[in-house]
Structures are given as C-alpha cells and as structure tokens.
Amino acid sequence: MTRLTRRFILLATIQAQFLTALPALAQTKPAAIEQITVTAERRKQNVQNVGSSISVLSGRDLAAHNVNNVYDLQYQTPSLQVTPQFGSGQLEFAIRGVGFEDYASNNAPTVGIYIDEVAFPIPFETDGQIYDVQRVEVLRGPQGTLYGRNTTGGAVNYVLNKPTKQLTGGLTVQYGRFNAALVEGYVSGSLADNVQVRLAGETQQGGAWQHGPDGQLLGNTNRSSARGLVDIEPTDSLTIELNLHGSHDRSDALGTHLYAPLSALSLLDEGPTLPLDPNRDDTAWGTSPLFAHEIGIEPNTKPFSHIDTGGLSLRADQQFDAGTLTDLISYDYAGRREYDDFDASPEALADVFFNTRANVFANELRFTSNAGGPFTYVAGIYYAHQFLYDNYRGGFDQIYGVDTSVQYSQTVDTVSGFGQASYKISDALTLTGGLRLEHEQRTLNNFASYFLAGGAIINPDNTVAQQSTSFTKPSGKIELQYVPFADDMAYAEISRGVKSGGFTTYNTGSPKIGTAPFQPETLWAYEIGNKLDIPGARLRFNVSAFYYQYHNEQIQAAVLNATTGLIGSIINAPRSHLYGGEIEARWVPFDNLTLTQSVGEAIGQFDEFSSLLTANRVGGVFVGVYQNRQGEALPSPKFTANGSISYRFDLGQYELTPSADYSLRTTYNSLFGGLYNVAGYTLVNAHLTFAPTDGKWSIEAFGQNILNKQYDIDRNYFDAGDDIATAGLPATYGVRATVNF
C-alpha cells in the first residue's frame, strides 16, 4: 500500500469519525456554512457540488488578507506556486508541482489565467487587471473540456464584480511601510432600465524596500488601471456585456541579491571575486556604457518594468427554451519594456532588456443546456490568433566580450472543439464525460541571434527564417460523483491534459539547433476526493488525492552544439510522475469565531530522463557528458499549508475583528540541486478591523510577514559564478480605510 493510499484512507476515516461523533451537535446548532457559488463548469453551482479540487477566495477574502496582486494569491491557496523568473516581470504558475520555468514570453503556460472567462495566454498581460474582483477560483488538474485553452496544471479564474441596477460605489485608501500607497474605487448603477454600468479603477504607488548603490532605493510601484463594464438587456432573453480595460505601469523591477560570492570574473582571471550580499534587501545594478547606449538608457539607470495593457471583450448570451447560446469575443494588447540586472552587481556580466509586444484575438461560441433535468451539457468551439514580437538584449561584455540581441516574431493559431455532459443516473449517482479536440499551429518567424562587439554585429548570418510546430491532439475527462447522503459528495475522475509545444528563444547562440521545437506535453490525471459539509457543526471538510503520469514534460535544460558547447534549451523529459493531495477545512465552532486550514502535498520524480551535465572538447569538437536523472525529484515545494483565525467582537452598532493567517511551504528542489534549492519558509500576517454593522465603512490595521522572515522566492544562475536570488518582501504594516454607499 502506497503512502498516498494510506493517507487518503486516514482522511476518509477522519471524515467518518466526524459523522459519528457530531450528530447531537448537528441537531442543536443552526446551519451557518457559507454557500459559495462558482461558475467553474460554465454554469452557476455550489462549489461543494462540483467534482473537482477547487479553492475559492471571495473579494472579501482577498481584502481581508491584503492580496493586491496575482503573486500573493499563492499564500492563500494550497498547492499553488507563483514565481517571477529571475525576478523578472514574467510570472510562472505551477499547481501541484505542474509548472513551466521559462522567462521568455512566447511559450504557453501550464496554468491558464482567465478574467471573466477570457483567456490570457501571455502571463504579463494580466498586469494591473486584478482589482474590483468578486472571487477567484483556483482549479487543480488538467482543464480543456470547458475552457478556451488547454492546460495540464489547472486554471485560475478571476470573476469581476458586475454592474448593479442600484447606484452604489466605494473607495479604499491604503498606506503602509516603505511609503506604499493604494487607492481603489468604483461606481455602479443604471443609465437606463436595461443598461447598467460599472466604472472601477486602481492606482498603486511607492513601496521601495531594496537598498542599492549610494543609498538609492529600488522597488517602487507606479501603476494605474481602469475598467468599464456595461451590461445591456435589449430583450428579456438577450444580455450583452462589454468590458473595456487598460493599465499603465512604470514600476521599478525587482532587484536580485548575491547569495554566494560573485566569482564569474575571477574564473576568467579578469577581476576579483565580489562578496555575497549580507542582507537580502541589498541589491546592486549597473551596466557598460556600450550596452546602455544599445538599449537607450544610462549606465546607472535603475532596473525597471514598464508594461502597458489594454483591451476589450464583448459577450452576448441568448436564452432559448433548451439553454443559452454564448458568444465571447476578446482582443487584448500588451507591451513590455523591462531592464533587469541579473548579476546583482555594477558589473556588465548579465544585464538584460526585454522589448515585447503582443496581441491576442479570441472568439468562443458555446451552448449551455438548462439545468433541472437528468442530462445537462456544454458544447462549443474556440478560436484564437496570437501575435508576439520580441527583442531581447543581453549585456555580457565583461564576461564574454560581446553583447547579444535576439529578435523574432511568433504567431499562434488555435482552433478547438470541446464539450462536457453530465447524466444523473440516480439521485445519488452522476456520470460526467468531456472531450476536446485541439489543433494548434505555432510559427517562429525571422529569428536572429546576434553577437555585438563594440556595437557592431559580428555574425549577421546567425538567423533562421522560419520554424514551425503543430499538433492535433485530444484531451478529455470522465468522472463519477456519488452522494451517499445530504451534504456529502464523493468523486473519482480520470482526465488528460495537453500543453502546447514551442521554441527556446532566449538561450541560443546556434539558432538552427537551439530553436528546434520542443514537443507538447501530456498529463494523465487520476483523482479521487470527498466534499463534506456538517451544517450542525458548522464545519466544511474537503479532501482530494491525485496521481499524475507525465509524458514529454517540458524542462529547462541544454542541448549540444559540437562547435560551441552547451546551449540553453527547453527539452522534453520522456516520463515522470507526481502524486499528492489537498485538505481544506473551514469551521465556525461558535458564533463570531472562524477557523480555516488547508494543506497540500505534491511529490514527483523523473522516471525516464537524461540531460546534459557538461561538455568536454575532444579533438576540436565538444562531446556531451550526460546525467541519468531517473529517480530525481521534480522541482516543486513538496508541502504547502495555510490557515487563518478570526473573531468578531460585537460592540453594539460596531464590530471589532482581529484576525491572523499564515502560509508555509517546504524547500523548493531545483533541477540544479544544492546551492540552487530555495529553502522553505513560513509567513505570518495579522489584521485588526473596526466597522459598523451596516458595512458602510471600515478601518483596518494590518501587518504582513510580521515576524520579518528573511527568505528567497527564487534562486538561479545566469552565468557560471553568478548565483543570484530574488528575496521576498520583509515585514510591512499599514492602515486601510474603506467607505461604501
């Protein structure tokens, strides 16, 4: 019997003990379990009736835990990890250890990000869009039979607050340590009987906490965003929703710090070894005058991340007797100019500049049957066209004697048909099946990888006119739900997910070899779970367990060029596996006291995989030295946990609510091992809120990371002898005031 099986049996036994130990309590206490409605399966459902592992955070939860950006979401849900690659603005998501490490923007993520059902396949597109949110749904496991994009890891759905018929509005002002300020507001109401509008906006300013050269500070946010939602009801059966949005970001980038002495120059006998940074909030930057001129900055310019986004979506829902026909059209644009110092020093060893622009057009047409009968279904087609232009620059003059320039454009055309149907076999038993067939064509155009010496290109022929990769693959799921009694639901499912193949674009000096496409990855997922409510005990207890089989997992590694040696490249690991599970509990033992606790575990390893370890020159050519990595752990934190406690004191017409929460994660095991593993850490937060019972306003004092835990969120190296890390935010505290009308 495996450890996973033993743990799941133990959890099922705990649930059974709850059922037998609490019947008297269930008869005497009133029901007080919050019923959470989600649209994870394209229809409104109680989350406890959805046969999938889902975490849901309401807008109230996000505000209570001071979650103001997509990065902080990981500290409120189990098994979710969000990493800024090398500290860059390119965030990568992983769920249950299923992720993809790549600081380029041209490849598909393993976790789909959706805002009001619109897919955002380029992660930095979501910059500045996460505000005025009704709830967030985090779905674990492969998705595709109900969603526009196909993913192996899961999906994160942001559901926005909708326009209201009544005139309402609100304003939130927040100020905290490091002069960090946030202002968010909205106004909503009717322009006519059948037209409702909601205008919302947010600005974030300040927050510099990293110390650089000559007493300079780094880390200021300077971002403003606005959104307009319009709901129109031309007839009783037709609803039209328009979403216009945009953001303007001129923030500092994250600085990195040296967690080991910088020996890159001494390895070349061209300079001294620089000491490691004694404090995690110490950083440094600087580049050569030549590279600064090439990218249009000054040599001492602070690292920056400038992102502009804008777009619109138009959704029409036409109701028929049998169901609802939905057409969702969207267009989004994003531009990114970012300068990072990946050597954490004033030296010109690893300075990088990104100049990226992208746009995505998508159209999804689907039909959702009405609920109520034994048979329900969703069926649709999806099309998307994605264009991306990228110019990536590297300043490596001191270590390689050259700077680099990589430029290319890429188009992605995706078309798919998908559907999912459920049949209620009996009052207790429901069978669900889903299928998706997807075709994708991904084309890399006019790829050029240049070396520049003294500002002049020395290898003008280092180009590839075009590379293409495509696939046509099915994915799907089959699921059985069983309701043994009211307020309990068990499920078992088998699903298959697919993630697109793609191209390595940033780590190639030999483009014909380096840009050879890597293959799509597929993941077979086997999952069982149980969702239990005990209304009388005011307890919710959900448990899930999974086993994943990975085929062609996409890994950041290297390929061999016989002339130049190793070339950084994304390759496919033939076979690997993962297993683990989650527990999520919410308990209100008595009025005013709420406790939550969640844990997640994901343990994986390679079953078949060999990668290049190094290359030796033999007879004038490089010969690779390979390492068999069978049995090695996959890169992910094995265990995550988060929990909270809050108590509301009734003070007549007012309420005082102290609360605290924590997040824990164990060591992140890097593929490079040892020095590059990211140590586990625990963060503790506290809040104190005072508000009237009518909810018209509130004042809150908050503290984040109140124990001032010193920790890293990412460790890596860009050149040999250049080991850098991205530090996590130190202790912060502040006040927030909200008023509603």
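Where a number appears in this text, it was derived from the coordinates with a stated rule and is not lab data. As the structure is a prediction and not an experimental result, all values here were calculated from the model. Every residue, glycine as well, gets a Cβ built from its backbone with ideal geometry; the counts of neighbours run over all protein chains shown.
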> So what is the calculated 222 nm ellipticity per residue for the chain, using -39500 (n - 2.57) for each DSSP H run with n of 4 or more, over all residues, to the nearest 500 deg cm²/dmol?
Replying inline: -1500 deg cm²/dmol
> Which of the lysines could a cross-linker bridge to residue 696, judged by Cα under 25 Å and excluding same-chain residues fewer than eight apart?
Replying inline: 162, 165
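Once you list every other residue whose beta carbon is under 13 Å from the beta carbon of residue 608, what net charge do they have if Lys and Arg are +1 and Asp and Glu are -1?
Charge balance in the 13 Å sphere: -1.
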>> Taking the Cα of residue 276, stepping 7 Å toward and past its beta carbon, and measuring to each backbone N in region 683-716: which are under 19 Å?
In response: 709-716
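Using C-alpha positions alone, give me the convex hull volume of the chain per residue in cubic angstrom. The partial results should precede the final answer.
On the way: hull volume 115.8 nm³, N = 741.
Convex hull of Cα atoms, per residue: 156 Å³.
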>> So if I place +1 on the C-beta of Lys and Arg and -1 on the C-beta of Asp and Glu, and nothing else carries charge, what would the dipole magnitude of region 163-294 be about its Cα centre? I want it in debye, nearest 20.
In response: 380
> Where does helix 3-21 land angle-wise versus the long Cα axis of the chain, in degrees 0 to 90, nearest 10?
Replying inline: 20
> trypsin sites (Lys or Arg not before Pro) within region 309-400: which are DSSP loop residues with at most 12 other Cβ atoms inside 10 Å?
Replying inline: none
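Find, among the chymotrypsin sites (Phe, Trp or Tyr not before Pro) in region 658-707, those assigned to loop by DSSP (not H, G, I, E, B) with at most 15 other beta-carbon atoms within 10 angstrom. All intermediate terms of the calculation are to be shown ahead of the outcome.
Details: sites: 662, 668, 672, 676, 681, 690, 697, 702; in loops: 672.
In loop regions of region 658-707 (DSSP not H, G, I, E or B), the sparsely surrounded chymotrypsin sites (Phe, Trp or Tyr not before Pro) are 672.
Which is the longest stretch in the chain that no exposed loop site breaks, taking sites as GluC sites (Glu not before Pro) with a DSSP loop state and at most 13 other Cβ atoms within 10 Å? All intermediate terms of the calculation are to be shown ahead of the outcome.
Working: sites that count: 34, 270.
Segment 271-741 is the longest.
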> Under 27 Å from the Cα of residue 473, which lysines turn up, not counting those fewer than eight places away in the same chain?
Replying inline: 499, 512
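Would you mind counting up the charge near residue 117? Only other residues with Cβ under 9 Å from its Cβ, with Lys and Arg at +1 and Asp and Glu at -1.
Numbers: positive: 42, 315; negative: 116, 364.
Spelling it out: positives minus negatives among the neighbours equals 0.
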>> Could you give the length gained by full extension between residue 381 and residue 327, i.e. 0.36 nm per residue of separation minus their alpha carbon distance, to one decimal place?
In response: 18.4 nm
>> Could you tell me the extents of region 648-721's C-alpha atoms along the three principal axes, largest first, rounded to whole Å?
In response: 64, 20, 18
> In region 544-633, what chymotrypsin sites (Phe, Trp or Tyr not before Pro) fall in a loop by DSSP, with at most 16 other Cβ atoms inside 10 Å?
Replying inline: 590
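Charges at C-beta only: +1 for Lys and Arg, -1 for Asp and Glu. How large is the resulting dipole of region 3-740 about its Cα centre, in Debye rounded to 20? List each step's numbers first, then the result.
Values: 49 positive and 75 negative charges, 357 e Å.
So the dipole magnitude of region 3-740 works out to roughly 1720 debye.
About the Cα centre of region 72-148, how large is the charge dipole given +1 on each Lys and Arg Cβ and -1 on each Asp and Glu Cβ? Please answer in debye to the nearest 20. Working shown, then result.
On the way: 3 positive and 10 negative charges, 63 e Å.
With Lys and Arg at +1 and Asp and Glu at -1, about 300 debye.
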> Given 85, 255, 419, which one lies farthest toward the positive end of the charge dipole of the chain, if we put +1 on the Cβ of every Lys and Arg and -1 on the Cβ of every Asp and Glu?
Replying inline: 419
>> At 7 Å along Cα-to-Cβ for each site, give me the label-to-label distance between residue 613 and residue 720 in nm.
In response: 1.5
> With no solvent and one point per C-alpha, what does the Debye sum give as log10 I(q)/I(0) for region 602-644 at q = 0.17, 0.18, 0.19 Å⁻¹?
Replying inline: -0.63, -0.66, -0.69
